[in-house]
């Protein structure tokens, strides 16, 4: 790991706490979700092809996921951008804004990655299953957008 990398989380660790604004600028805090299983996924940018695929896939499975877990997406985009993204695609779960990258980095979801054949620093598409008591149950890094929501759902049921 180089100096630009953030430590990755491991199964059994406590999930880093956060309070971030959603698409309606309402503050959502992890501590307020205590007692629920949370699917927390980090994605690079609203309305880009891969991010749209991933968000729509989670949304398409929301009726099957919601009995088991709460879905939350996080990116550096603004609440206004998240609002447009949610409205454009009818997303039924909150999208949180982390423009400072503090939470994204705390989860190890920022670092070196390949983008169109170039090495860059950016958001690493990552998903975490967090238990009702706040522990990391699964830490998935460098996930592929297509089919990911189905793979996460399979781990829940």
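What follows draws every value from the coordinates through simple rules; no lab data is involved. Nothing here was measured: the structure is a model prediction, and the numbers come from that model. Don't worry about glycine lacking a Cβ; one is built from the backbone with ideal geometry, like all the others, and counts go over all protein chains shown.
Estimated at 0.36 nm per residue, the fully extended path between residue 113 and residue 151 surpasses their Cα-Cα distance by 11.5 nm. Cα centroid separation, segment 1-74 to segment 107-157: 9 Å.
Dividing the helix sum by the residues of the chain, where each DSSP H run of 4 or more adds -39500 (n - 2.57), gives a mean residue ellipticity at 222 nm of -7000 deg cm²/dmol.
Comparing 62, 27, 40 in a Gaussian network model of the chain (Cα springs below 10 Å), the most mobile by mean-square fluctuation is 27. Assuming R0 = 30 Å, can you tell me the calculated FRET efficiency for the pair residue 102 and residue 64, based on Cβ-Cβ distance, to the nearest 0.05? The computed FRET efficiency comes out at 0.40. Taking 0.36 nm per residue of separation and subtracting the current Cα-Cα distance, fully stretching the chain between residue 27 and residue 138 would add 37.5 nm. Using only the Cα atoms of segment 8-157, each taken as one equal point scatterer with no solvent, compute I(q) by the Debye sum, divide by I(0), and report log10 of the ratio at q = 0.09, 0.16 Å⁻¹. Rounded to two decimals, the profile gives -0.24, -0.82. Run through the DSSP bridge list for the chain and note the antiparallel percent, rounded to the nearest 5. Among the beta bridges of the chain, antiparallel pairing accounts for roughly 70 percent.
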